[in-house]
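Student: Quick one: structure below, then a few questions.
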Amino acid sequence: MAQTAQENAGAQPTHHASRHHAPEGLVIVAEAAGELNGEIIRGRLESAGIPAALQYESMGTSLFPVPSVPLGVVRVLVPQEFADAALALLSVEADAVHESIAAWDMANRLSLDEPGLREDILFGARGLLAVEAAWSRHLLDAWAAGRSSLRECG
């Protein structure tokens, strides 16, 4: 069975107090599926100047050989004073994941289920990209000119 983009991303920002124990002074800001996804999140936080650490959940015991790389839940922790910034950064990146989910899991699935709608789906996607490009240009031009990007009232 194919994984969704959200499952591929492997992480969910934790916007509330976790039921799991974090060491004194640290806050759990995300839970990731496996070590690799945890390392990606930690690297992203550290590249933004936010110190982060990983906490691994035990996989328990197995009768079969299990790789030494942790495959269970990995918690991403940051110092308390960086928690708000970490959650804000991860929330922005979660929006990008949601965009990917809409494109691949929803629009792609619809086009496979209803081939007659493919041109309409592409038309809508192209329209969205054009509006986003125009809005981005307007926003960046306003900022470069040192003025507000918002329309004046009245």
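The values are calculated or read from the model by the stated rules, or taken from the named source; none is laboratory data. What you see is a predicted model; the values in this text were computed from it and never measured. Neighbour counts are summed over all protein chains in view; Cβ atoms, including those assigned to glycine, are modelled from backbone coordinates with ideal geometry.
Student: So for segment 9-21 (the condition being at pLDDT below 90, surrounded by 14 or more Cβ atoms within 10 Å (Cβ to Cβ) and β-branched (Val, Ile, Thr)), does at least one residue qualify?
Tutor: Yes; the residues of segment 9-21 include at least one that is at pLDDT below 90, surrounded by 14 or more Cβ atoms within 10 Å (Cβ to Cβ) and β-branched (Val, Ile, Thr).
Student: Looking for something within 20 Å of the chain's Cα centre (by Cα) and modelled with pLDDT under 85 - is there at least one such residue anywhere in segment 85-92? Outline the logic, then answer.
Tutor: The initial filter retains those residues of segment 85-92 that are within 20 Å of the chain's Cα centre (by Cα), namely 85-92.
When the remaining residues are screened for being modelled with pLDDT under 85, the result is 91-92.
Yes.
Student: Also: When you scan segment 99-116, do you find a residue that is of a type in the set (Gly, Ala, Ser), part of a loop (DSSP other than H, G, I, E, B), modelled with pLDDT under 90 and under 20 Å from the mean Cα position of the chain (by Cα), even just one? Let's see the steps before the verdict.
Tutor: In the first step, residues of segment 99-116 are kept if they are of a type in the set (Gly, Ala, Ser); the result is 100, 102-103, 107, 111, 116.
Applying the additional criterion that residues be part of a loop (DSSP other than H, G, I, E, B) yields none.
The answer is no, given that none of the residues of segment 99-116 is of a type in the set (Gly, Ala, Ser), part of a loop (DSSP other than H, G, I, E, B), modelled with pLDDT under 90 and under 20 Å from the mean Cα position of the chain (by Cα).
Student: What pairs come out if I take residues in segment 103-118 that are charged (D, E, K, R) and pair them with residues that are in a helix (DSSP H, G or I) and surrounded by 14 or more Cβ atoms within 10 Å (Cβ to Cβ) whose C-beta lies under 7 Å away, six or more apart or interchain?
Tutor: Filtered contacts from segment 103-118: Asp105/Ala5; Arg118/Ser111.
Student: A further question on this structure: Glu114 fails exactly one of the following numbered conditions: (1) closer than 21 Å to Glu99 by Cβ; (2) surrounded by 11 or more Cβ atoms within 10 Å (Cβ to Cβ). What is the number of that condition?
Tutor: (1)
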